Amino acid sequence: MTDQTICATPETDRPVWNALFRGYRGKCPSCGEGAVLHSYLKVNDSCSSCGLDMSGHRADDGPAYLTILIVGHLMAPLLLIVFEAFRPSPMVLFSIFAVGCLVLSLYLLPRLKGAVVAFQWARRMHGFDESA
């Protein structure tokens, strides 16, 4: 017979979708009150409301890759549709879509960073696992 230890806290005790929604809004994934970011992309060391330690996060390049993925998948088909339907001059097309990509990227990047940090918290990744 082998001795197996059972984890007292199951993986499902932290709801992933609630955490992702809170992180996308820029709120603490645990309480939903404090802010995740204190400037455009700097993650707070701890939540001002519940005291959750967020210094162990490892968001790194994940939010940037997700932003590129989403912006590319939205803007590329739209570019083709606009070009085929209206045939604007290349400079007008470039100007409109360059500004559109820039604005959408600047809007999504901090929200996706909050969501990535919240996902790490919900899955007890990196510095969010109290048992380690």
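Considering the Cα trace of region 14-128, what is its radius of gyration and what is Dmax, both in angstroms?
Considering region 14-128 through its Cα atoms, Rg and Dmax are 17.4, 55 Å.
In debye, nearest 20: dipole of region 24-63 around its Cα centre with unit charges on the Cβ of K, R (+) and D, E (-)?
Roughly 140 debye for region 24-63.
Please list, ordered by chain and number, the residues whose modelled amide H lies under 5 Å from the amide H of residue 27; skip anything fewer than 5 residues away on the same chain.
36
Based on Cβ point charges of +1 for Lys and Arg and -1 for Asp and Glu, what charge dipole magnitude is obtained for the chain about its Cα centre, in debye rounded to the nearest 20?
For the chain, the charge dipole is close to 520 debye.
What are the ³J(HN,Hα) values, in whole Hz, obtained from phi via the Karplus relation 6.51 cos²θ - 1.76 cosθ + 1.60 with θ = phi - 60°, for each residue of region 105-110 in sequence order, with x given for Gly and Pro?
So the J values, rounded to whole Hz, are 5, 5, 6, 7, 4, x.
With n ≥ 4 as the cut-off for DSSP H runs, can you work out [θ] at 222 nm for the chain, using -39500 (n - 2.57) per run divided by the number of residues, rounded to the nearest 500?
Values: 3 runs with 67 residues, N = 132.
Calculated mean residue ellipticity at 222 nm is -17500 deg cm²/dmol.
Build a GNM of the chain with springs between Cα atoms under 10 Å: which of 59, 115, 98 gets the top mean-square fluctuation?
Residue with maximal mean-square fluctuation among 59, 115, 98: 98.
A short reminder: the numbers here are calculations on the coordinates, not readings from a lab. Here the structure is a predicted model, which means the values were calculated and not measured. For neighbour counting, all protein chains shown are included, and Cβ atoms are generated from backbone atoms with ideal geometry for every residue, glycine included.
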